[in-house]
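This report refers to the structure that appears directly beneath it.
Each value in this text was obtained by applying a stated rule to the coordinates, not by laboratory testing. No experiment lies behind these values; they were computed from the predicted model shown. Glycine also receives a Cβ, built like all others from the backbone with ideal geometry; neighbour counts cover every protein chain displayed.
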Amino acid sequence: MKQLSLNRQELSEIINNNCIYVDKTELIFNIINNGKAFFLSRPRRFGKSLLINTFKEIFSANRELLKDTWIYDKIDWKKYPILKLDFSLMQVKDLGLTQALDETLQKIANGYQLILEKTSVSGKFAELIEKLSIKYDKVVILVDEYDKPISDYIDNLDKAEENRETLKTFYACLKSLDSCIQFLFITGVSKFSKVSIFSDLNHLTDLTMSRYAATLLGYTKDELIRYFDEYITIIEKENGLSRDELFEKMAKTYNGYSWDGINFVYNPFSIQSFFKERSFHHFWFATGTATFLVKALKDTNKMPQDVSPREVTLSFFDKFELRNMDLISLLFQTGYLTIKSIDQENQIYMLAFPNGEVESAFLNNLLEIWSGKVQSEVGEIMINIMRSLQQAKPELMIEAFKKLFAGIPYDHFIQKHAIEAIFASNIYTALKIIGVREEVEVHTSTGRIDAVMEGKDCIFIAEFKMGSAEDAMKQVVSKKYHEKYAGGVKRVFLIALGFDEAERNITGYLVDELREIKNL
């Protein structure tokens, strides 16, 4: 059985160590033969570096390395000088961007026995390209994580702007040196507008949402079956699941990323981690923190239910600026939201969390920040909420909510939102984390229910109100919120929660089971 290629980014290392390589070379061939300058944005841990290194091996004419791939007998295998810039390896924070670029260019020049005479990094870049093309042939330029010097300083906009200006000047020479360049490919997480960085590269083809790159990174279901069948078989046997049952669970947890609304792919890091551990954990989220994102969500007055699902128009995808950053755009570009469907006629795009792994972990992090509690405390609260629905004990849920709200930092209650909305948002987030089937602000013919929570054998209908629980229950009863849920086999509970502004917590509650209520 071949090894997994988890955490390996060099194609040569994957193939020489008998690891699984999911062959994307037919798609790569189509890109190479349909243009010369490309840009691609994808979230972290999605295989961008492996893609760049595959281009490197192809243009280095390492044919035998790819003898088992689709492209092996499809191209002439001509060798070109490679100018590869990997910003993830540059010591930008230690040296500064200019010095880090200078050292990288000098190292490449030394490798080709070239002497650079220019003093500025933009001048050295242009000089290196020209001298390589004269001494050898046209140059292949590969840029990995181009935006790292900007995204690493996203909470220090002055420094981010300084680095952006440096990069803009640095890349400016590429258009004028087009005759020296055989192929140019730039990749990163963020898609800053072309005007802000690649102002002169109007020939740069953006593949981010192109149908031709929809499955270039990430794994399709067919690819999982073709390349990982032995791992899938082992997990089926260990868990006593059929293949359909296993794929249903795998898809819900790790699939769901799309950039065209048609093709959906698995996160390669997450699914390979799953094959390694053979357990459904949140792997991708654990490789990086969303603290900045969830803090931004709080600071911009958005509740989690404002984030996903979310409809946007086509222009949304081309506007990403440092000084006027759209949080939803940031969530999309970093992989926390993806395209789920497209209304082609009206050019409306539906964004949502890609899968259960991302949604649950993101909301968990959000709840920690909202509540001011550590993970162990949040986890205990989640367990009690789950048990309340399993055991049809609404009082257990209410006590869990009280613990959740106790000690929420005061600054969270500054009147950016009605306090009821803050409480409702925390409840919504908590229920989404544990996977409870719930609905928020459910509309009926007579009004709007704050929340409906459904367990295996019970349904909780809840109303939150600043003031007394009695007033909240009167609203539930008078508006007949229960009617659409009556007559079923599940026990139905009406829950009224009263919040106190001064105490910032639940100060009263009433619970009535539907069958016990008279004169409804």
3J(HN,Hα) from dihedral phi, the range 206-221, Karplus parametrisation 6.51/-1.76/1.60, rounded to Hz, x for glycine, proline: 8, 8, 3, 10, 7, 5, 6, 10, 4, 10, 5, 10, x, 10, 7, 4
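In whole angstrom, how long is each semi-axis of the equivalent ellipsoid of the range 54-143, when you take the square root of 5 times every eigenvalue of its Cα gyration tensor and sort them from largest down? Intermediate results must be reported in sequence, preceding the final value.
Numbers: eigenvalues 159, 54, 14 Å².
Ellipsoid half-lengths, sorted descending, are 28, 16, 9 Å.
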Placed amide H near residue 340: partners under 5 Å, 5+ positions off or other chain: 350, 351, 352
The range 13-120: chymotrypsin sites (Phe, Trp or Tyr not before Pro) in DSSP coil with no more than 10 other Cβ atoms inside 10 Å: none
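Report the charge-dipole magnitude of the range 1-156 in Debye, nearest 20, computed about the Cα centre from +1 at each Lys and Arg Cβ and -1 at each Asp and Glu Cβ.
On the way: 23 positive and 22 negative charges, 55 e Å.
That gives a dipole near 260 debye.
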Neighbour-limited loop hits for trypsin sites (Lys or Arg not before Pro), the range 1-91 (at most 15 other Cβ within 10 Å; DSSP other than H, G, I, E, B): 2, 67, 74, 78, 79
Taking all pairs of distinct alpha-carbon atoms in the range 95-231, Kirkwood radius in angstrom: 17.0 Å
Where trypsin sites (Lys or Arg not before Pro) fall in DSSP loop in the range 172-277, at most 10 other Cβ within 10 Å: none
Of 138/168; 24/131; 118/191; 221/340, those spanning more than 25 Å from alpha-carbon to alpha-carbon: 24/131; 118/191
Cβ-based net charge around residue 5, under 11 Å, with every Lys or Arg adding one and every Asp or Glu removing one: +1
Nearest-20 debye value, the range 72-215 charge dipole, Cβ charges on Lys, Arg, Asp, Glu: 480 debye
Difference of contour (0.36 nm per residue) and Cα-Cα distance, residue 262 to residue 77: 63.3 nm
Modelled FRET efficiency - R0 60 Å, residue 489 with residue 115, Cβ distances, 0.05 increments: 0.15
